[in-house]
Structures are given as structure tokens and as C-alpha cells.
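Please treat every number below as a calculation from the coordinates, not as lab data. In this text the structure is predicted, and so the values were computed from the model without any measurement. Note: ideal-geometry Cβ built from the backbone for every residue, glycine included; neighbour counts use all protein chains shown.
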Amino acid sequence: VNDTTVALDYAELARGLDDAPPSEIISWAVERFRPSIVLACSFGGPTGMVALDMVMNVDRTIPVYYLDTGLLFRETYELVERVRRQYGIDPIPVAPDRTVAQQAEAFGPALWERDPNACCAMRKVQPQLSFLQNFDAWISGIRRDQAKTREATQVVQYDARFKVAKICPLAHWDERMVWTYIDAHHLPYNALHDAGYPSVGCVPCTRAVADGEDRRAGRWPGFNKIECGLHAEPAAGEH
Ligand code: SF4
């Protein structure tokens, strides 16, 4: 069975599930892939918190991981702790081979200022590649309306980069639906969302966004880059 055959099978499944409520998509995926399914949660976006809550309602034994680049905000680590207490789970930090200091030694300081794609490749994509080798499927909280690069997101698809099934149960939700769910269920979320940060990543590559500005403008400001490479190819050219 090659990648294309698998991709076609998933496209068929996606058609059948596209209109299903997210909790139904999650239940289906958990049934099909457990115990080889994992939830990615960045703890830096509201949609991930909804996905986390929905997965926990289905099965609290599904492992939850986050990419601990070593450059996350204090508020993000605080949220991990809150989730640990609230749900009684142990989110897995997936870290790069090199610490930030070792990376600076090998490639010079503040690589993110010169080549963020290389930095993301080492601190996010490679660690996720190694980690997902242990699983058949990952669940992600990304949405189609978040960026042009995410418009084609399917609820079930074959992820050729990581060679696993990718389940995006909230692909068709929008920001308003996400916050309505968070408020209704009193979910924890990253405190920086209340300080003008719609999306929270690494400290050097995230800033607050002004009213009316694009929601992704606060990520990699100054670069022609809106993706880290986990969900879509980052832009080839910089600046
Ligand atoms: S978001 Fe910035 S600091 Fe974090 S891994 Fe990517 S380039 Fe490096």
C-alpha cells in the first residue's frame, strides 16, 4: 500500500465525516486508532483547548503532547500546569535534540531572526517527526479559516509528511464557535489571549495583534511566514 492509496482511502472517509459534529469525529478516530492515536495541543491557541476538552470527554487515556521548544511563554507553561490539575493528565513535552544554548553554539545566536524556517525545522518539525513515529494518527485543533494555507484541511486526511493519519475535528469551526464553547464549558485557555495575542507560539516569534489586523499577523512578524511546517510548508522566501 503506497501513500497515494492511503490518501485516497482517507479522502473517502473524510467525505463521510465532513458534516459530523467534532465529538463524533473524535469518537470515530479513537475507536479506529486507539491505542496508537495522540492529541497535539500547543497550549497557545483556543481551538486546541476545545479539541483537548472533547478528546478528554471521549477517553482520558489518549496521550496529549506539546512541542516544548524551550522558548515558550510563561503563560503557556502555566496553562500546561492548569490542564494537568484540571484533567488529571500528564501532557508530554516533546523537545528538540539541542537546547536553545546548544543551538546558538552550533548555528549562532537567535537563529529565528535569520532563518526561522531552519529554527522551526529543528525545534518543532524534527521532534514531531520522531515522536509521531510511535503512532498511527494524530489529532490537531487547526481550522480552515485560520489561514490560506489551512483552507484545504480535511477532517480526516493522510499526512504524508509525518506518515500518519491526521484528524482535524474542528476544521469547519470558526473563532466565534470556539470561544462560545470555551465560555460555555469554562475551559482554561492561554492568558495571553486576553492581552491581544490570538495565537501564541515561541516568545521571539510572537507579538500582540492590533484590532482589525490579520489574526496570524502576530506570528513571525517581519517575515513572509505564517506556518512553522507542522501543518503546511512554510513560505520558501523570507522577508
Ligand atoms: S517559532 Fe521562532 S523560535 Fe520557535 S522554533 Fe520557530 S523560528 Fe524558532
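Some values worked out for this structure:
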{"quantity": "Phi-based couplings in Hz for the stretch 199-213 (Karplus 6.51, -1.76, 1.60; Gly and Pro marked x)", "calculated": "9, 10, x, 7, 3, x, 10, 9, 9, 5, 10, 7, 4, x, 6"}
{"quantity": "Cα-derived Rg to Rh of the chain, Kirkwood definition", "calculated": "0.94"}
{"quantity": "Residue-span extension gain [Thr149 to Leu8] - 0.36 nm each, minus C-alpha spacing", "calculated": "48.7 nm"}
{"quantity": "Potential lengthening between Val203 and Arg176 on full extension [0.36 nm per residue; Cα-Cα distance subtracted]", "calculated": "7.1 nm"}
{"quantity": "Paramagnetic reach from Arg34 in the stretch 55-96 [backbone N under 20 Å; point 7 Å along Cα→Cβ]", "calculated": "55-65, 87-92"}
{"quantity": "Residues Ile92 and Glu233, FRET efficiency given R0 of 35 Å [Cβ-Cβ distance, rounded to 0.05]", "calculated": "0.85"}
{"quantity": "Alpha carbon convex hull of the stretch 36-175, volume per residue in cubic angstrom", "calculated": "123 Å³"}
{"quantity": "Simple spin-label estimate for Asp59 and Glu78 in nanometres, 7 Å along Cα-Cβ", "calculated": "3.4 nm"}
{"quantity": "Summed residue charge, Cβ within 10 Å of Ala95's Cβ, Lys/Arg positive, Asp/Glu negative", "calculated": "0"}
{"quantity": "Calculated FRET efficiency for the pair Arg215/Asp115, C-beta based, R₀ 25 Å, to 0.05", "calculated": "0.50"}
{"quantity": "Count of Lys pairs (Cα-Cα under 19 Å; at least 8 positions apart or interchain) in the chain", "calculated": "5"}
{"quantity": "Helix-only CD estimate at 222 nm, as mean residue ellipticity for the chain, using -39500 (n - 2.57) per DSSP H run (n ≥ 4)", "calculated": "-11000 deg cm²/dmol"}
{"quantity": "Candidates Ala106, Ala20, Ala29: whichever shows maximal mean-square fluctuation once the chain is modelled as a Gaussian network with Cα springs under 10 Å", "calculated": "Ala106"}
{"quantity": "GluC sites (Glu not before Pro) restricted to DSSP loop in the stretch 149-239 with at most 12 other C-beta within 10 Å", "calculated": "Glu151, Glu213"}
